[in-house]
1. Is it true that some residue in region 127-135 is over 20 Å from SER36 (Cα atoms) and not β-branched (Val, Ile, Thr)?
2. Taking the residues in region 67-87 that are of a type in the set (Ser, Thr, Tyr) and closer than 28 Å to GLY98 by Cβ as candidates, determine which candidate is modelled with the highest pLDDT.
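The values are calculated or read from the model by the stated rules, or taken from the named source; none is laboratory data. Since this is a predicted model, take the numbers as computed values, not measurements. Please note: Cβ atoms are built from the backbone with ideal geometry, for glycine as well, and neighbour counts cover all protein chains shown.
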Amino acid sequence: RIVAASAMHSRIAAAARQNRVVVHSGKDFYDLYQPSLRDLRKEIFLVVLLDQKNRILRDERVSEGTLTASLVHPREVFHPAVRDSAAAVAFVHNHPSGDPSPSSEDLAITKRLVGAAELMGIRVLDHVIIGENAYTSFLDAGLL
């Protein structure tokens with residue numbers, strides 16, 4: 001499943017790069033990443049790199065965790081953004097349980113990542129958690 005999801009993820013990323021997909025909302029991220037993340041048994045954390053017009057440059061897998069957790073460090077999250085001169089980022093990860101409600105760890109790491117982004121002058125567009133047939137957008141929920 002992980003190999004298939006990785007292949008699908010690569011195809012999505014390639015299409016996004018070619019078409020320069022513009023994202024406006026958490027639903028846009030959900031629609032793009034839900035097919036490749038919803039059925040995974042491990043938590044996968046992606047950073048999506050965006051230009052100044054919210055066009056996707058590319059995404060990168062930052063962490064692959066366990067059934068219930070993923071270890072994320074700001075250094076690994078922002079390295080691709082700095083390297084590729086991204087104007088903004090979004091975070092996307094799945095919850096293998098199917099429930100997209102943010103955990104206390106999700107809230108804490110998002111706060112930490114937003115703080116790091118502010119120091120570096122990089123906008124955080126959203127953090128989207130993908131569940132089985134639903135999602136949570138931190139922006140829409142007023143958590144950013």
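1. no
2. SER70
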